[in-house]
1. Could you pull out the residue among Ser184, Ser175 that is out of contact with any Asp or Glu (no Cβ under 7 Å at 6 or more places or on another chain), closer than 26 Å to Tyr111 by Cβ, at pLDDT below 95 and in a helix (DSSP H, G or I)?
2. Taking segment 110-140 as the region of interest, how many residues are small (Gly, Ala, Ser) and either surrounded by 19 or more Cβ atoms within 10 Å (Cβ to Cβ) or touching a Lys or Arg at 6+ places or on another chain (Cβ under 6 Å) (or both)?
3. Is there a residue in segment 141-148 that is of a type outside the set (Val, Ile, Thr), surrounded by fewer than 17 Cβ atoms within 10 Å (Cβ to Cβ) and not assigned by the TED database to the domain that holds Arg208?
4. Among the residues of segment 226-260, what is the count of those that are surrounded by fewer than 22 Cβ atoms within 10 Å (Cβ to Cβ), closer than 16 Å to Val295 by Cα and of a type in the set (Ser, Thr, Tyr)?
5. Hey, does segment 64-75 have a residue that's under 23 Å from Leu143 (Cα atoms), surrounded by 20 or more Cβ atoms within 10 Å (Cβ to Cβ) and over 27 Å from the mean Cα position of the chain (by Cα)?
6. Report the residue count in segment 323-381 for those that are in contact with an Asp or Glu (Cβ under 8 Å, 6 or more places away or on another chain) and loosely packed, with under 14 Cβ neighbours inside 10 Å.
7. For the subset of segment 273-284 comprising residues that are in contact (Cβ under 8 Å) with a residue 12 or more places away in the chain and surrounded by fewer than 16 Cβ atoms within 10 Å (Cβ to Cβ), which member is nearest to Thr330 (Cα to Cα)?
8. Would you please name the residue that is surrounded by the most Cβ atoms within 10 Å (Cβ to Cβ), looking only at residues in segment 187-213 that are in a helix (DSSP H, G or I) and of a type in the set (Gly, Ala, Ser)?
Amino acid sequence: MSRNSYSIVSSVFRAKSSLLQNPNPKIKLLPFLLSRSWSLSSSPDTDANRSPRTRTPLEKQFETWVSRLRPGFTATDVDAALRSQSDPDLALDIFRWTALQPGYCHSTAAYLTMLQISLSSRRFSAAESLVGEIVSGACPPDLPLLNRAIRFCCSRRHLFSRSFDIYKLMRSHSSCRPNLETYSLLLSAILKRFGKPPICYIYLRSVRSLVRHMKAAGVFADAFTLNLIIKAFSICLEMDEAMRFYREMQLYGCEPNEYTYGYITKGFCEKGLVEKGFGFFKEMRGKGFVPKSTVYMALICSLAMEGRLDEGIKVLFDMLENSMAPDILTYRTVLEEMCRGGRTEAAFELLEELGRRKGAMSRKMYSDLLEGLHWLQNPQD
């Protein structure tokens, strides 16, 4: 290699290093473009007889699409080119290459299209990079684009805080104020992080803040959003506030459904207000709604521990008739409370009936419950 060739190769490598280290997200050269610059910068006198490097099919497709984008192409042309791509990697290459062209800037439509392509093809690292560019102001703020970014961030646990960064960005721009979809996405993401007390109380503050912002912005909630709010307060046993939003459903023109009644019934039972919970359960069943198994089991256990065994057993058989079976803890609670109330023989008869009923319990569960009843009847020291 001549001294002149060595200086050319060195300058190419220095240029590559400076570009790869540039933190600007728009300056991300494609690997094949770098390889092309290497082949172009190599001096002919290194090997005069060596044939040129064969281009890969991806490079050929890229060059074909670049040639279709005439000089002075617009954001609409780029958006159409991205939508016509079946290869998500090639679409990302076109998106990055066009961003480097002088006088061109991606529109919100191009970012939305590229984000949807990245998510549908499960290119989550590329989607995360796009969200970072959107938040940093690479394109004008747009409501559908920012809502799509929030939806993606809410689906990735490590991007939970980024979704609220986007929410704050939306509140600071009058052209893309948060709408009902925004609040529903954020409330759903918060509820996924709800656990048992005291963890749930930490996130309940965020729920209250979002509800205040939503009302102040004049956003009218729908049944889904109101159910999310009722669920949050019911989990934290803040039943007064849960009931306040339950009553507000009529003001918003929404009708309570099985989820509404289920959250309130379970919340009242866990708080010890069994009579109120049972009242909502009967209202729900009167309207033909069927609760989830967790609501059934919470009510059955609460009624049994309150000494209302006959009502608890009726709810238990109602649960079985709706093709749901309680767990062993629920069965054990009912049977043990019957034994403590002096109804041991009735407990054995109930267990025998449940054991014969198809789908009520497994044989192992039946054996474990029978052994527990025998122990309660004749406790061993």
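1. Details: Ser184 fails: at pLDDT below 95.
Exactly one of Ser184, Ser175 is out of contact with any Asp or Glu (no Cβ under 7 Å at 6 or more places or on another chain), closer than 26 Å to Tyr111 by Cβ, at pLDDT below 95 and in a helix (DSSP H, G or I), namely Ser175.
2. The initial filter retains those residues of segment 110-140 that are small (Gly, Ala, Ser), namely 110, 118, 120-121, 125-127, 129, 132, 136-138.
If we keep only those that are either surrounded by 19 or more Cβ atoms within 10 Å (Cβ to Cβ) or touching a Lys or Arg at 6+ places or on another chain (Cβ under 6 Å) (or both) too, we end up with 110, 118, 126-127.
Residues in segment 110-140 being small (Gly, Ala, Ser) and either surrounded by 19 or more Cβ atoms within 10 Å (Cβ to Cβ) or touching a Lys or Arg at 6+ places or on another chain (Cβ under 6 Å) (or both): 4 in total.
3. From segment 141-148, those of a type outside the set (Val, Ile, Thr) are 141-148; that's our starting set.
Going one step further and asking which of them are surrounded by fewer than 17 Cβ atoms within 10 Å (Cβ to Cβ), we end up with 144.
Right, trim to not assigned by the TED database to the domain that holds Arg208 and you get 144.
There is at least one residue in segment 141-148 that is of a type outside the set (Val, Ile, Thr), surrounded by fewer than 17 Cβ atoms within 10 Å (Cβ to Cβ) and not assigned by the TED database to the domain that holds Arg208.
4. Within segment 226-260, residues that are surrounded by fewer than 22 Cβ atoms within 10 Å (Cβ to Cβ), closer than 16 Å to Val295 by Cα and of a type in the set (Ser, Thr, Tyr) number 1.
5. First, the residues of segment 64-75 that are under 23 Å from Leu143 (Cα atoms): 74-75.
If we keep only those that are surrounded by 20 or more Cβ atoms within 10 Å (Cβ to Cβ) too, we end up with none.
Checked against the condition, which is being under 23 Å from Leu143 (Cα atoms), surrounded by 20 or more Cβ atoms within 10 Å (Cβ to Cβ) and over 27 Å from the mean Cα position of the chain (by Cα), segment 64-75 yields no hits at all.
6. So the answer is 0.
7. Leu273
8. Here is the first cut: in segment 187-213, the ones in a helix (DSSP H, G or I) are 187-192, 199-213.
Still in the list and also of a type in the set (Gly, Ala, Ser): 188-189, 206, 209.
Working: Ser188: 14, Ala189: 21, Ser206: 16, Ser209: 10.
Ranking the candidates gives Ala189 first.
The values are calculated or read from the model by the stated rules, or taken from the named source; none is laboratory data. Since the model is a prediction, treat every value here as computed from it, not as a measurement. We place every Cβ from the backbone using ideal geometry, glycine too, and count neighbours over all the protein chains shown.
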